[in-house]
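Visitor: What follows is a single structure, and I will ask about it in a moment.
The values are calculated or read from the model by the stated rules, or taken from the named source; none is laboratory data. Note that the structure is a prediction, hence the values are computed from the model and not measured. Heads up, the Cβs are rebuilt from the backbone with ideal geometry, glycines too, and the neighbour counts pull from every protein chain shown.
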Amino acid sequence: MEILNIRNLSKNYGTVQALKQVSFSVPAGTVFGILGPNGSGKTTLLGIVMDVLKPTSGTYEIFGQSPTADQRKQIGTLLETPNFYHYLNAVENLKISAAIKGRGVDDIDRVLEVVDLAKRKNSKFSTYSLGMKQRLAIGAALLGNPDVLVFDEPTNGLDPVGIAEIRELIKKLSKEGKTIIMASHLLDEVEKVCTHVAILKQGTLITYGDVNEILINEDVVETSAADLEQLYQLLQRMPGKLSINRKDQVVQVNFSSGTADLAAVNRFCFDAGITITHLQLKKKSLETKFLELTH
Amino acid sequence: MQTASYMQKLLQIEWLKLKNHRPFIIIASFFTLGVFTINYVVYILNNTINKVQGAALIKSSNPYDFYYTWQTTSYWTGWLLLLPSLLIIILVTNEFTYRTNRQNIIDGWSRSQFIEVKMMLALIVAVCSTLLVVLSATLFGLLSGSSFSTHGISHVFFFFLKALSYNVIAVFISVWIRLTGFAIGSFFIYIGAENFISILLNNNLSLKLRNDYNIDLGSLGDYLPMNASDGLLTFPDNPLKTIAKSALPTDYTWLVACFAVAYLVLFFWLSKRNYLKKDL
């Protein structure tokens, strides 16, 4: 079953196209990362799904049906920034969220414990630090233990310990079978907690799918020879390679992480009558992969 | 029955937002105190004037006697209606400033529910203001020594219409402008501009039509949105006013009331349309 199905969603802000014909679907039970640099359209996309923004064109379905307000009550959402009544304390704010969601107030103490705000539950929201505000917003999303959670940059404003706690929480929720849609510009965050990913760049969907297929770590074998063109043509036929590209005076051959064999590459070239003048194994970082995808 | 329970749920949530909101408590207290204070001041002044020699013309009626008290209290309290309107503007624009309106929608309210509950708030504030007028009118009516009578209580309905019009226009401006300072500024500019146009219409067009062409359409300025409800509340008749009125266009009170109701519907529709269509 698909939790969210987006079809050709576009959004213009005046002359700026924030989203361009974006389509993808989120399967149930996944931790689905929406990854992209700042301004790539992640929050706009989630804002449309949550009905706080109106799409210029395109449609979307939640739980396989046209979107309604009642469906949003079944989803715990943190969108962009924590939005609470600044003159109310944590409990009073969560009472409002719970009442709108149609849930009882008996879950408030539990979620405040989960996000470590129980000791400050009677302090006004305006007195909270950015990290505390963020944690309260995550707590509000957890109210009623919903099966689907939407987190937009959930670790914003958190200290390293807080970031680790929230990542663990997301993993724990995932193990409980919940579907989590998480927007982030942090590659390692997505790589550490997500099972699926969609990559956005300037409003365009670059790719989406299983995180292990899209953000896979690769081995890069850098080679060179007197006749670079001949080497490039030969390595096109190299067994086991993922991709190949020419860069300055070298040819780079990409293999899945841990599968590159320099001796095999050397032998393959030697057997074809090409003497390699340079042969080096490099690890491609996730950042490089991300930059390749988004630039 | 189902609608009542639905609205009750929405209002209970609104109450959770309001009950600890300091500006709400302060403005509501000031307004409540103001209703009784302004009428007490007028009541005392009137008693003082009545004792002064030469005020015999006005003395022929005590404005706080039943049945004048309904009109007098409504008229003077009408001057204080800016306070609840400002409160409405603060409450609605704060939702935009702190983006809590977005959170309400994200949590599961529909956009219609959000705007409907704000309109219900405008209605409830108008009802509470009207109840204060009823209390105040009854109190000063009894203090003046006359016997209780509901005759002339229609003026309280006109007060309610004026209060509701002010509040609904406040919601309308808040939804369109969204920023507290600009919304309050726009509200005052709108009041000033409409009064200015109203004076121009009444002093030029209405009198010209009546005197030169024998066409009496009433005071045309009274058909403008805020003046429609303002025009319904007038100071009680006295001999001086009766003399002045004979030179003015006719008061088509119920026609003006119909205009006021029509404007209410229009502003509600425009507010809702804006909120349903725009990004939040």
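Visitor: Of the numbered conditions (1) under 20 Å from A:PHE24 (Cβ atoms); (2) within 12 Å of chain B (Cβ to nearest Cβ); (3) not polar (S, T, N, Q), A:TYR60 fails exactly one; give the number of that condition.
Guide: The failed condition is (2).
Visitor: Another question, if that's okay. May I ask you to verify whether A:GLU92 is within 13 Å of chain B (Cβ to nearest Cβ) and part of a loop (DSSP other than H, G, I, E, B)?
Guide: Answer is no for this residue.
Visitor: Is one or more of the residues making up region B:78-98 without any contact (Cβ under 8 Å) to a residue 60 or more places away in the chain, within 14 Å of another protein chain (Cβ to nearest Cβ), out of contact with any helix residue (DSSP H, G or I) (no Cβ under 7 Å at 6 or more places or on another chain) and crowded, with 23+ Cβ neighbours inside 10 Å?
Guide: There is no residue in region B:78-98 that is without any contact (Cβ under 8 Å) to a residue 60 or more places away in the chain, within 14 Å of another protein chain (Cβ to nearest Cβ), out of contact with any helix residue (DSSP H, G or I) (no Cβ under 7 Å at 6 or more places or on another chain) and crowded, with 23+ Cβ neighbours inside 10 Å.
Visitor: With respect to A:SER10, is the statement that it is touching a residue at least 12 places away in the same chain (Cβ under 8 Å), assigned to a strand (DSSP E or B), touching a Gly at 6+ places or on another chain (Cβ under 9 Å) and farther than 26 Å from B:THR100 by Cα true?
Guide: When the stated conditions are applied, A:SER10 does not pass them.
Visitor: Now for a different question. Please work out which residue is farthest from the other protein chains (Cβ to nearest Cβ), limiting yourself to region B:24-56 and to residues that are within 30 Å of B:SER112 (Cα to Cα) and surrounded by 14 or more Cβ atoms within 10 Å (Cβ to Cβ).
Guide: Only one residue fits best here, namely B:PHE31.
Visitor: Output yes when any residue across region A:11-19 is closer than 15 Å to A:THR77 by Cα and either within 13 Å of another protein chain (Cβ to nearest Cβ) or surrounded by fewer than 23 Cβ atoms within 10 Å (Cβ to Cβ) (or both), and no when none is.
Guide: Scanning region A:11-19 turns up no residue that is closer than 15 Å to A:THR77 by Cα and either within 13 Å of another protein chain (Cβ to nearest Cβ) or surrounded by fewer than 23 Cβ atoms within 10 Å (Cβ to Cβ) (or both).
Visitor: Being within 14 Å of chain A (Cβ to nearest Cβ), touching a residue at least 12 places away in the same chain (Cβ under 8 Å) and not hydrophobic (A, V, I, L, M, F, W, C) is the filter here, so list the residues in region B:259-280 that pass it.
Guide: B:ASN274, B:TYR275
Visitor: For region A:116-125, name all the residues that are over 15 Å from B:LYS17 (Cβ atoms), part of a helix (DSSP H, G or I) and in contact (Cβ under 8 Å) with a residue 12 or more places away in the chain.
Guide: Scanning region A:116-125 gives a single hit, A:ARG120.
Visitor: Another one. Here is a check on your reading of the model: is B:ALA122 more than 19 Å from B:SER271 (Cα to Cα), touching a residue at least 24 places away in the same chain (Cβ under 8 Å) and out of contact with any strand residue (DSSP E or B) (no Cβ under 9 Å at 6 or more places or on another chain)?
Guide: It is false that B:ALA122 is more than 19 Å from B:SER271 (Cα to Cα), touching a residue at least 24 places away in the same chain (Cβ under 8 Å) and out of contact with any strand residue (DSSP E or B) (no Cβ under 9 Å at 6 or more places or on another chain).
Visitor: Here's something else I'd like to know. Which of the residues that make up region B:123-137 are of a type in the set (S, T, N, Q) and out of contact with any Ser or Thr (no Cβ under 7 Å at 6 or more places or on another chain)?
Guide: Once the filter is applied, which keeps residues that are of a type in the set (S, T, N, Q) and out of contact with any Ser or Thr (no Cβ under 7 Å at 6 or more places or on another chain), region B:123-137 yields B:SER129, B:THR130.
To keep it simple, each residue is scored yes or no on (1) modelled with pLDDT of 95 or more; (2) part of a loop (DSSP other than H, G, I, E, B); (3) within 15 Å of the chain's Cα centre (by Cα).
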{"site": "B:TYR64", "(1), (2), (3)": "no, yes, no"}
{"site": "B:GLN71", "(1), (2), (3)": "no, no, yes"}
{"site": "B:TYR75", "(1), (2), (3)": "no, no, yes"}
{"site": "B:SER85", "(1), (2), (3)": "yes, no, yes"}
{"site": "B:LEU135", "(1), (2), (3)": "yes, no, no"}
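Visitor: Filter region A:96-115 down to the residues that are more than 13 Å from every other protein chain (Cβ to nearest Cβ), among the hydrophobic types (A, V, I, L, M, F, W, C) and assigned to a helix (DSSP H, G or I) and list them by number.
Guide: Result: A:VAL111, A:LEU112, A:VAL114.
Visitor: Hey, can you tell me all the residues within region A:271-295 that are within 20 Å of A:THR259 (Cβ to Cβ) and either in a helix (DSSP H, G or I) or modelled with pLDDT of 70 or more (or both)?
Guide: A:ASP271, A:ILE276, A:LEU279, A:GLN280, A:LEU281, A:LYS282, A:LEU286, A:THR288, A:LYS289, A:GLU292 - these are the residues of region A:271-295 that are within 20 Å of A:THR259 (Cβ to Cβ) and either in a helix (DSSP H, G or I) or modelled with pLDDT of 70 or more (or both).
Visitor: Filtering region A:154-204 down to residues that are touching a helix residue (DSSP H, G or I) at 6+ places or on another chain (Cβ under 8 Å) and of a type in the set (Asp, Glu), which residue is surrounded by the fewest Cβ atoms within 10 Å (Cβ to Cβ)?
Guide: A:ASP159
Visitor: I need the full set of residues from region A:57-75 which are outside any strand (DSSP E or B) and surrounded by fewer than 15 Cβ atoms within 10 Å (Cβ to Cβ), in order please.
Guide: Of everything in region A:57-75, those that are outside any strand (DSSP E or B) and surrounded by fewer than 15 Cβ atoms within 10 Å (Cβ to Cβ) turn out to be A:GLY64, A:SER66, A:THR68, A:ASP70.
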